[in-house]
Amino acid sequence: MADCDILVVGCGPAGLSAAQYAARAGYSVIATDALAPGGQLLYIDEIENYPGQEKTSGYALAESLEKQAVSFGVTIEFSEVTSIEKKGEGAFTAHTSSEDINAKAIIWAAGARHRELGCEGEKEYQGKGVSYCATCDGPFFRGEDVVVVGGGDTALTDALYLAKICSKVTIVHRRGEFRAQKVLQDRVRAKENIALELGKNVRSVNGDGKKVTSVTLTDGTEIPSSALFVFVGVIPNTEAVKDIVDLEDGFIKADDAMRTSLPGFFAAGDVRTTPFRQVVTAAGDGAVAAHSADHYIQNL
Ligand SMILES: Cc1cc2nc3c(=O)[nH]c(=O)nc-3n(C[C@H](O)[C@H](O)[C@H](O)COP(=O)(O)OP(=O)(O)OC[C@H]3O[C@@H](n4cnc5c(N)ncnc54)[C@H](O)[C@@H]3O)c2cc1C
């Protein structure tokens, strides 16, 4: 059994930023991660849009966030939080894959993962042309032809973003109709450099071993392409807390102070309802969550 003032669950950019702010404010902080500090940063080969940081690797950024948090006194642990119990105001117990941890406040920063398409070549070409984030990777394919798969708001919004920087964008969607808002559908259909392949799915993503060169559809059509952007859903890591806080489409509902429906339990980063999921927004959420946890504890 361990005790701390603030328990941070997840050591991605949101969790490490929250832990750093909370420890620097004088609280005892445990930050625990089921895998390794860094979260999704560990999958980013090159990141070039984190403010103040010219091109760097996700690993290097993760390492410096962790070092900074530890320098302010954060204790990093490696365990998965399986459930949270609230025993009273300022009295939480987290059950983990190792020991129980008591805390006055909890910051849930467990992130999210992108749903994969499951087609041939997808795993092999991740980071070599297969991407799940247009803002992150689109600029690497400036002036080239790319394929987008998906039919919801994210797929169409990101296809419109890509159409501004890529020469041609082909949207592949397994149904005959998009699910996205009508306004987005109208914009997509009006764009000269966006082509539609409806009622089909992606059979394989092909390449030369180093980069993507084409995408083959289920009807056998092969589309020359430098990238495949997959937007078929995001899965938030909320399984362990789904019965104690309000969710929206699986994401934790949090206000702009990162407060959830459960007082003393805050959410930050990709795991919460937010219009934009990036490293900088996750880090910002973490700082706000630590500030709100401070306010909560001071008012106990
Ligand atoms: C391939 C790729 C490229 C990207 N490129 C960019 C980019 O160029 N620029 C950009 O700004 N963003 C980019 N992103 C998005 C960015 O990485 C995320 O928005 C950001 O990492 C979210 O941070 P987070 O801390 O909220 O969550 P995460 O980074 O997902 O971290 C969550 C952590 O919580 C841990 N965890 C989950 N459940 C539990 C549990 N029950 N108990 C304990 N620990 C748990 C996980 O192991 C993980 O380490 C990219 C993402 C990917 C996948």
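Taken together, the values in this text are just the output of simple stated rules run on the coordinates, not laboratory data. What you see is a predicted model, and the numbers here were worked out from it, not measured in a lab. Every residue, glycine among them, receives a Cβ derived from its backbone with ideal geometry; neighbour counts consider all protein chains shown.
Spacing of the modelled spin labels on residue 86 and residue 25, each 7 Å from Cα toward Cβ, amounts to 1.8 nm.
Summarised as an ellipsoid, the range 130-230 has semi-axes of 20, 16, 11 Å, derived from the eigenvalues of the Cα gyration tensor scaled by 5 and square-rooted, with the largest first.
Remark: the residue 116-residue 35 segment gains 27.2 nm on full extension, using 0.36 nm per residue and subtracting the alpha carbon distance.
Over the range 205-300, the hull volume per residue, using the convex hull of the C-alpha atoms, is 145 Å³. Here the gap between residue 239 and residue 100, fully extended at 0.36 nm per residue and compared with their Cα-Cα distance, gives a gain of 48.2 nm. At q = 0.16 Å⁻¹ the log10 of I(q)/I(0) for the range 1-113 amounts to -0.68, computed by Debye summation with a single uniform scatterer per C-alpha, solvent ignored.
Hey, could you get me the Stokes-Einstein D for the chain, Kirkwood radius over alpha-carbon pairs, 10 °C and 1.306 mPa s, rounded to whole µm² s⁻¹?
After rounding, the answer is 78 µm²/s.
Determine the gain in length on full extension of the stretch residue 273-residue 59; use 0.36 nm per residue of separation and subtract their C-alpha separation, reporting nm with one decimal.
Here the answer is 74.4 nm.
Among the cysteines of the chain, those whose beta-carbon sits 4.7 Å or more from every other cysteine beta-carbon are 4, 11, 119, 166.
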